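The values are calculated or read from the model by the stated rules, or taken from the named source; none is laboratory data. Everything numeric in this text was worked out from a predicted model, so none of it was measured. Note that each Cβ is placed from the backbone with ideal geometry, even for glycine, and that neighbours are counted across all protein chains shown. For accessibility, only protein heavy atoms count, side chains too; no ligands or nucleic acids. Shrake-Rupley method; radii C 1.70, N 1.55, O 1.52, S 1.80 Å.
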Amino acid sequence: MSVAELDGYREAASTLTPTAVSQFLAAHSWELEARKPHVREVWRLTSSSGTLEGRIMVPLATGYTDFQQRFQETLESLGYIHDWDAQELHERIIGTHADLFFVRLDQAMTDGTIPFHQAEKTIEALYKMMRAAATTAASPSHPHRGRLPSGVSDFLDDDVRLGHTKRGSFVFTIVTRLGDPPDPGLQVDGVQPQDVVQPFPRRVMETLARGLETTERLSRQWDDQVTEAPGAQGVSASLIESLEDISAPHLRSLDLSFEWAAAAPRPDVGLATIILDRDVMAELPRVRERLVRQEEPPRQETLVGLVKTLSRDDASPDDDEETASVVLTADVHGKPRKVHMTLSGEDHSWAVIAYDRKLPFTVTGMLGFERRAWRLAGDIVVDSSFLAHTTRGQSEGAGT
């Protein structure tokens, strides 16, 4: 065995537990031959004809000095018997009671690496994606703003993890732990195991898979029926926004695939792999805009933020009145957003003052999402009281 292969098993032994290996063996036709609690287990694998194909010992005494070496040898034996390398064995074992979600960035890479800023942006987008799926799973009609539904924070903190990156291409691995399976002999008040409610992590992953399938379908052909109850299809504007965050001009495609836990029934979803090619990614902003209009129709809002840019409108109908397109960076339902608006006259003058002096700018109008951006329209009212008070105080201070 090469040094690289040994390193792979050494790493697997440092991240796996004997319990996880035992659960894997029990779910894959291995038989428990003998067990000494807290010391060791002996498992055997026989063929359909009764021929012995393998026997291994799983050490349980984690406090022993040689535990790590014995445990690594167990994994090496398992890999040899099943003809798997360390990485595949690792995935198979953790997949027994965990759903795996792989996100592959298909782009030109000379050495299998990506820039730090792309990795950071992708991880942030994946967290946003899992939060969106968890929110929809917990409450399909949730507006994805304000307080998270019950259970979502616990899921994000405890049940979902970032796993090892696969070799050969840049693949992010998301591991969602399902917890211990129900007791096969469980029967409480007539409720059978098959009737037990799915663990929340599995509901999240099923919602995610359905949402990604729906996104791919909507990007190719819009369906107005989806907007009537997007949560039932697992899709939300937040989910699509996370996909937009991952997309990049040099990305050929985004390959999204699932491996479902072997110890739980496979969910009722269609494709195991969803591929978002360049044509689909180009349509994501349009799909998100339609969903945002459904989730958040235009409404009266007061925004407080900093003026990011000012662009004079030379086509103003009144040459005597300054008019400009203004972009305000403000909090919209807990998220920093760039909000576009058109201001003229005195309102424009106050925007210039706020921009020059980097002061908060307060404005009220009808907030909506259109033409792929947040926009303030209608009867826009600028509250200049803070700016007037601040600039007057600064002038008086300068005069003394």
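Report, by residue number, each residue of segment 239-252 that is of a type in the set (Ser, Thr, Tyr) and open to solvent by 20 Å² or more (accessible area, probe 1.4 Å).
Scanning segment 239-252 gives a single hit, 247.
Find the residue count for segment 275-294, including only residues that are part of a strand (DSSP E or B) and either in contact with a His (Cβ under 7 Å, 6 or more places away or on another chain) or crowded, with 18+ Cβ neighbours inside 10 Å (or both).
1
Could you list all residues from segment 253-274 that are open to solvent by 50 Å² or more (accessible area, probe 1.4 Å) and among the acidic types (Asp, Glu)?
259, 268
What are the pairs with Cβ atoms under 7 angstrom where one residue, in segment 328-346, is of a type in the set (Lys, Arg) and the other, located anywhere, is part of a strand (DSSP E or B) and open to solvent by less than 10 Å² (accessible area, probe 1.4 Å)? Sequence gap at least six, or different chains.
Pairs found: 337/330.
I'd like to verify a number: residues in segment 139-157 that are touching a residue at least 12 places away in the same chain (Cβ under 8 Å) and either surrounded by fewer than 19 Cβ atoms within 10 Å (Cβ to Cβ) or β-branched (Val, Ile, Thr) (or both), how many?
12
For residues in segment 112-136 being hydroxyl-bearing (Ser, Thr, Tyr) and part of a helix (DSSP H, G or I), which is farthest from residue 232 (Cα to Cα)?
Filtering segment 112-136 for residues hydroxyl-bearing (Ser, Thr, Tyr) gives 113, 122, 127, 135-136.
Filter once more, so that each one left must be part of a helix (DSSP H, G or I): 122, 127, 135-136.
Details: 122: 26, 127: 21, 135: 12, 136: 8 Å.
That would be 122.
Just give me the residues in segment 81-90 being surrounded by fewer than 20 Cβ atoms within 10 Å (Cβ to Cβ) and not in a loop (DSSP other than H, G, I, E, B), in sequence order.
81, 82, 87, 88, listed by residue number.
Kindly evaluate residue 114 against the criterion of being in contact with a strand residue (DSSP E or B) (Cβ under 7 Å, 6 or more places away or on another chain), within 30 Å of residue 26 (Cβ to Cβ), open to solvent by less than 50 Å² (accessible area, probe 1.4 Å) and of a type in the set (A, V, I, L, M, F, W, C).
no
Given the condition closer than 30 Å to residue 281 by Cβ, open to solvent by less than 50 Å² (accessible area, probe 1.4 Å), part of a loop (DSSP other than H, G, I, E, B) and not aromatic (Phe, Trp, Tyr), answer yes or no: does some residue in segment 91-98 qualify?
Checked segment 91-98: at least one residue is closer than 30 Å to residue 281 by Cβ, open to solvent by less than 50 Å² (accessible area, probe 1.4 Å), part of a loop (DSSP other than H, G, I, E, B) and not aromatic (Phe, Trp, Tyr).
If you check residue 61 against the conditions, is it surrounded by fewer than 20 Cβ atoms within 10 Å (Cβ to Cβ), free of Cβ contacts under 8 Å to residues at least 40 places away in the same chain and farther than 30 Å from residue 32 by Cβ?
Spelling it out, it is not the case that residue 61 is surrounded by fewer than 20 Cβ atoms within 10 Å (Cβ to Cβ), free of Cβ contacts under 8 Å to residues at least 40 places away in the same chain and farther than 30 Å from residue 32 by Cβ.
Let's see how each residue does on (1) under 31 Å from the mean Cα position of the chain (by Cα); (2) open to solvent by 80 Å² or more (accessible area, probe 1.4 Å):
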| residue | (1), (2) |
| --- | --- |
| 6 | no, no |
| 13 | yes, no |
| 21 | yes, no |
| 24 | yes, no |
| 30 | no, no |
| 33 | no, no |
| 39 | no, no |
| 45 | no, no |
| 49 | no, yes |
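Just one of 192, 221, 198 is closer than 15 Å to residue 281 by Cα, modelled with pLDDT under 95 and open to solvent by 10 Å² or more (accessible area, probe 1.4 Å); which is it? Step through it out loud before you land on a result.
Numbers: 192 fails: closer than 15 Å to residue 281 by Cα; 198 fails: closer than 15 Å to residue 281 by Cα.
The conditions single out 221.
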